[in-house]
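The values are calculated or read from the model by the stated rules, or taken from the named source; none is laboratory data. Note that this is a predicted model, so its numbers are computed, not measured. Cβ coordinates were reconstructed from backbone atoms using ideal geometry, including for glycine residues, and neighbour counts include every protein chain displayed. Accessible surface is based on the protein model in full, side chains and every heavy atom, while ligands, DNA and RNA are left aside. Shrake-Rupley method; radii C 1.70, N 1.55, O 1.52, S 1.80 Å.
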Amino acid sequence: LKELEKSEISNLQNLYDQVTSENISSFDDMPLSDRTKKGLSEFGFVTPTEIQRESILIALRGLDVLGAAKTGSGKTLAFLLPVLEKLYCKQWTKFDGLGALIITPTRELAMQIYQTLVNVGKFHDFSAGLIIGGKELEFEKDRLDTVNIIICTPGRLLHHMDQNPLFSSVNLQMLILDEADRCLDMGFEREMNGIIENLPESRQTLLFSATQTKKVKDLARLSLSDPKYVSVHEHE
Ligand code: ADP
Ligand code: MG
C-alpha cells in the first residue's frame, strides 16, 4: 500500500509543473491525491472557484502566494487543499508533529475552517486542532505535541508559543495567514509579527486578504518569500 501511495505521489508531483489553470474545469482535472478528491466529491465540491483555480496550482508547486479575493470567493479550500496535499506528499504522521499552521482573525472563522478541514480531509489520516481559547483550553494543552494541523486566532497562538512547552513548530511546512487584513484591523499586528518571528524560515506561506492595505503589504514583506500575486476580481 505504501508503495502504491509513493507512486501516486511521484505521479502527482510530476504534474505540478505541467498542469495550467486553463486546463482545469473541475477538481478532477487538478493534480490532487485520490484521498482529497474523494473528500471533495463526498461533500459536493465539483468545480473550483476562480481563486481556487488560480492559487492552488501555484501553491502545489511550493511557491508562496499573496492572494486577494473578497469574502465568499472560496479561500478556505484554496489553502486547505495545498495543506492536505503537501502533508500527504511528505507522508506526514503524528510523529512529525505540527506541519501546518492556519491563522484566522476570529473563533467563528477558525471553527468554520476546522469543519471544512474535517470534511474535505476525511480520507486523510492527519490530526487537526483548534487554538481559540475558551473551554478547549485543557484539551489544547494536552494534544499540542502530536497535532498535525493547527487552526488558531493570533492572540491565543502567541500565548501558547510563549507558555506551553508542548508547542513546537520546528517541522512546520506551511503557514497560512487567512483574512490578514482583518487580523491587522483587529489590532493583532504585534501578535502576527511575534508569531512569524518564531517560525522556521524554510516554510511555505500563503497569505489571503480581501484588501491590500499598507499594513497587509508590510506583513507580506515580513512573512512571504518571492510570492506570486493572485488577484481575483468579480466579473459583473
Ligand atoms: P471565503 O473564505 O473566501 O470567504 P469560503 O471558503 O468560506 O470563502 O467559501 C464560501 C462558501 O462557498 C462556503 O459555503 C463554501 O462551502 C462554498 N464553496 C467554496 N468553494 C466551493 C466550490 N468550489 N464549489 C462550491 N461551493 C464552494
Ligand atoms: Mg475565509
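Values for this structure:
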| read-out | value |
| --- | --- |
| Residue, least open to solvent (accessible area, probe 1.4 Å), within the stretch 186-200, restricted to residues that are free of Cβ contacts under 8 Å to residues at least 24 places away in the same chain and assigned to a helix (DSSP H, G or I) | 197 |
| Test result for residue 95, under 19 Å from residue 204 (Cα atoms) and surrounded by fewer than 22 Cβ atoms within 10 Å (Cβ to Cβ) | no |
| Residue identified as more than 16 Å from ligand 2 (Cβ to nearest atom), at pLDDT 95 or above and not in a loop (DSSP other than H, G, I, E, B) among 182, 221, 156 | 221 |
| Enumeration of residues in the stretch 78-92 that are open to solvent by 10 Å² or more (accessible area, probe 1.4 Å) and either part of a loop (DSSP other than H, G, I, E, B) or within 16 Å of ligand 2 (Cβ to nearest atom) (or both) | 90, 91, 92 |
| Some residue of the stretch 104-127 being out of contact with any Ser or Thr (no Cβ under 6 Å at 6 or more places or on another chain) and under 20 Å from residue 224 (Cβ atoms) | yes |
| Contacts under 7 angstrom Cβ, first residue in the stretch 208-229 being closer than 15 Å to residue 196 by Cα, partner more than 16 Å from ligand 2 (Cβ to nearest atom) and polar (S, T, N, Q), 6 or more apart | 222/193; 223/205; 224/205 |
| Members of the stretch 189-216 that are within 16 Å of ligand 2 (Cβ to nearest atom) and either touching a Pro at 6+ places or on another chain (Cβ under 8 Å) or at positive phi (or both) | 206, 207 |
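Yes/no matrix, rows are residues, columns are (1) within 18 Å of residue 225 (Cβ to Cβ); (2) among the aromatic types (Phe, Trp, Tyr); (3) over 16 Å from the mean Cα position of the chain (by Cα):
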| position | (1), (2), (3) |
| --- | --- |
| 129 | no, no, no |
| 150 | no, no, no |
| 153 | no, no, no |
| 166 | no, no, yes |
| 177 | yes, no, no |
| 193 | yes, no, yes |
| 202 | yes, no, no |
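Every residue, every condition in (1) more than 16 Å from ligand 2 (Cβ to nearest atom); (2) open to solvent by 10 Å² or more (accessible area, probe 1.4 Å); (3) in a helix (DSSP H, G or I); (4) at pLDDT 95 or above, yes or no:
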{"position": "36", "(1), (2), (3), (4)": "yes, no, yes, yes"}
{"position": "45", "(1), (2), (3), (4)": "no, yes, no, yes"}
{"position": "51", "(1), (2), (3), (4)": "no, no, yes, yes"}
{"position": "62", "(1), (2), (3), (4)": "yes, yes, no, yes"}
{"position": "71", "(1), (2), (3), (4)": "no, yes, no, no"}
